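Below is one structure, written out as structure tokens; the observations come after it.
The values are calculated or read from the model by the stated rules, or taken from the named source; none is laboratory data. Note that this is a predicted model, so its numbers are computed, not measured. A quick note on method: Cβ atoms are made from the backbone with ideal geometry, for glycine too, and the neighbour counts reach across all protein chains shown.
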Amino acid sequence: MELPKTPSFRLDGKRALVTGAGRGIGLACAVALAEAGAEVTLTARTQAEIESVAEAIRARGGDARAVTLDVTDLDAVSRFVDAEPPFDVLVSSAGGARHPPALEVTPEDFDFTMSLNTRSAFFIAQRVADKLIRAGKPGSLITLSSQMGHVGGPKRAAYCASKHAVEGFTRSMALELGAHGIRINTLCPTFIRTPLTEPMLADADFTRWVTDNIALGRVGEIEDLMGPVVFLASDASALVTGTALMVDGGWTAR
């Protein structure tokens with residue numbers, strides 16, 4: 001009897017691009033992809049930060065390099081992607097948040113959030129996909145979304161708007177890119193302990209609200225995203241596209 005063979009979670013020979021890779025979730029994703037065998041390019045606006053991460057990955061035996069890139073500068077993104085061989089994997093992790101109450105959101109707050117979380121993620125996915133199509137190659141595009149792309153939250157009107165929009169373009173792009181063998185999905189974490197969230201999680205009442213809404217009863221850690229991102233990047237998810245992988249401890253199950 002011939003048994004089925006489990007698809008590989010390895011990424012040997014694959015080129016991966018990770019934005020926002022200097023800290024937090026982006027850093028963890030870059031490490032995970034490198035450990036799975038990918039040649040990883042880390043980008044962020046701060047060269048020293050990503051170079052330090054790339055050096056640590058190389059010290060562990062991985063293949064990594066650091067490239068300074070502001071993903072909100074669409075011309076710079078286009079120049080960078082066009083000058084590179086195609087990336088087999090994209091992890092679009094650059095993002096940010098401002099959390100005033102909805103009635104206090106300013107146009108500046110809204111534009112900042114939409115530009116970084118939605119506009120930049122859309123156009124870097126567009127450019128990477130276009131390069132793959134021109135090369136006749138398949139690929140996997142992964143955008144860091146959020147549980148807040150599926151629900152609402154207090155003091156998160158602009159942030160939720162940006163992440164709901166990410167979910168929308170992901171589904172639409174999946175329908176167009178599938179014919180080219182290119183998959184696109186979102187990774188949707190709950191509150192993860194990172195330098196960005198540490199100030200919020202230092203508030204005991206806020207942390208209590210968070211853990212009360214997570215069925216597993218704990219705040220997420222960056223390691224919780226490392227397995228899921230390798231799954232989405234690898235052949236193990238070969239039939240997965242246009243969908244959201246929830247890593248939310250059960251938040252959206254309510």
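Is at least one residue of the range 120-138 modelled with pLDDT under 95 and on the phi > 0 side of the Ramachandran plot?
Scanning the range 120-138 turns up no residue that is modelled with pLDDT under 95 and on the phi > 0 side of the Ramachandran plot.
Give me the pairs: first residue in the range 127-155 and farther than 18 Å from residue 116 by Cβ, second residue among the hydroxyl-bearing types (Ser, Thr, Tyr) and part of a loop (DSSP other than H, G, I, E, B), beta-carbon distance under 8 Å, and six or more apart or on different chains, which are they?
Within 8 Å, the pairs are 140/234; 147/190.
What's the total number of residues in the range 92-120 that are under 14 Å from residue 161 (Cα atoms), of a type outside the set (Lys, Arg) and under 21 Å from the mean Cα position of the chain (by Cα)?
Matching residues across the range 92-120 total 13.
Within the range 72-105, can you find the residues that are loosely packed, with under 13 Cβ neighbours inside 10 Å and free of Cβ contacts under 8 Å to residues at least 12 places away in the same chain?
75, 83, 103, 104
For the range 60-71, give me each residue that is over 17 Å from the mean Cα position of the chain (by Cα), buried (at least 19 other Cβ atoms within 10 Å of the Cβ) and not in a strand (DSSP E or B).
62
Starting from the range 227-254, keep only residues that are within 25 Å of residue 210 (Cβ to Cβ) and touching a residue at least 40 places away in the same chain (Cβ under 8 Å), then list their pairs with residues that are among the hydroxyl-bearing types (Ser, Thr, Tyr) and crowded, with 21+ Cβ neighbours inside 10 Å whose Cβ atoms are within a distance under 6 Å, requiring at least 6 positions of separation or different chains.
That search, which allows pairs on different chains as well, returns 244/186; 248/190; 249/190; 251/190.
Give the range 135-162 a look and list any residue that's surrounded by 16 or more Cβ atoms within 10 Å (Cβ to Cβ), among the aliphatic types (A, V, I, L, M) and part of a helix (DSSP H, G or I), or say none.
148, 157, 158, 161 - these are the residues of the range 135-162 that are surrounded by 16 or more Cβ atoms within 10 Å (Cβ to Cβ), among the aliphatic types (A, V, I, L, M) and part of a helix (DSSP H, G or I).
Read through the list (1) without any contact (Cβ under 8 Å) to a residue 24 or more places away in the chain; (2) crowded, with 17+ Cβ neighbours inside 10 Å; (3) of a type in the set (A, V, I, L, M), then give the number of the only condition that residue 165 fails.
Checking residue 165 against (1) without any contact (Cβ under 8 Å) to a residue 24 or more places away in the chain; (2) crowded, with 17+ Cβ neighbours inside 10 Å; (3) of a type in the set (A, V, I, L, M), the one that fails is (1).
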